[in-house]
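Following: one structure in structure tokens, then a few remarks.
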Amino acid sequence: MKGLTLALVGMLMCASAQAGVVMTGSRVIYPADGREVSVQLTNHDDFPGVVQVWVDDGDPQSTPQTAKAPFVTTPPVFRLAAKTGQTVRLRYVGGPAPQDRESLWWLNFIHIPPVQAGQQDNQLLVMVRSRVKVLYRPRGLTGSPLEMANTSRVWLRDGRLFLRNNSGYYLALSALEVSGNGTQRVQSETVAPWATVSWPARVTTISQATLRWINDQGATLSHRVAVGYQDDVRR
């Protein structure tokens, strides 16, 4: 179709290792008492491009025009040469947030490659979109990102397997492994502070449970987690 260029925005959600433009680190930690934080983006491609950055409140279909989040990014749009980097400043401009737990938003960045002269009009242009967590973190929260197993509980009830996050931090669950009269493994779940999640149980008893989670630096930690009942719940 003459004169038609198709742009697939956000259709390809890829890991950092697959994207040309990547962020340093696996997430953004924003101290609640901080004025702003800096995010480093690097273009590993052999060609330049335009990068657009914004924050949303959890909508994976958000765009810079529709996103809702109390953050300002500077600069929001910039050209990034091949094999170079750019620092983006992130500033919180919202009202008071909960002080007993983290709040979660998402940082988005899209790399728009250049359109070369002489390319066909109906060429498919693919823009790679990445999303990473932005954790707004007050001081003095219950628990620690390094010791999430200490503030988590696992139990069985009515044919379901429950996991409770009794901390003020988001639990980036990599895997939960339980064993008893069988074994069960649950993977990849984000558990909010003071929240409980559950799955259909494939065991009827639990003798041991191991929690694997991802810390602030992107490393996976592992430790046994207490097995019991819903008797250590904040509310």
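The values are calculated or read from the model by the stated rules, or taken from the named source; none is laboratory data. The model shown is predicted, which means the values in this text are computed figures rather than measured ones. Quick reminder, even Gly has a Cβ in these numbers, built from the backbone with ideal geometry, and neighbours come from all protein chains shown.
Collect the residues in region 83-102 that are assigned to a strand (DSSP E or B) and basic (Lys, Arg), keeping them in residue-number order.
Filtering region 83-102 for residues assigned to a strand (DSSP E or B) gives 85-92.
The answer is 89, 91.
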Practice problem: Check whether at least one residue in region 31-40 is modelled with pLDDT of 95 or more, surrounded by fewer than 19 Cβ atoms within 10 Å (Cβ to Cβ) and touching a Pro at 6+ places or on another chain (Cβ under 7 Å), and report yes or no. | Solution: yes
Exercise. Tell me, please, whether a residue that is modelled with pLDDT under 95, part of a strand (DSSP E or B) and farther than 27 Å from residue 95 by Cα can be found in region 41-48.
Key: no
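Tell me yes or no: at least one residue of region 87-104 is β-branched (Val, Ile, Thr), more than 26 Å from residue 219 (Cα to Cα) and modelled with pLDDT of 95 or more. I'd like the intermediate steps shown before the answer.
We begin by selecting, within region 87-104, every residue β-branched (Val, Ile, Thr); these are 87-88, 93.
Filter again for more than 26 Å from residue 219 (Cα to Cα), leaving 93.
Adding the requirement that they be modelled with pLDDT of 95 or more leaves 93.
Yes, that holds for at least one residue.
Would you point out the residue of region 114-132, among those that are outside any strand (DSSP E or B) and surrounded by 11 or more Cβ atoms within 10 Å (Cβ to Cβ), that is modelled with the lowest pLDDT?
First pass over region 114-132, keeping only residues outside any strand (DSSP E or B): 114-123.
This time we only want the ones that are surrounded by 11 or more Cβ atoms within 10 Å (Cβ to Cβ), so: 114, 119, 122-123.
On the way: 114: 84, 119: 56, 122: 60, 123: 63.
Step by step, filter region 114-132, then rank; the result is 119.
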Quiz item: Given region 133-203, what strands (runs of 3 or more DSSP E) lie entirely inside it while holding 3 or more residues that are over 22 Å from residue 31 (Cα atoms) and modelled with pLDDT under 95?
Solution: 183-191
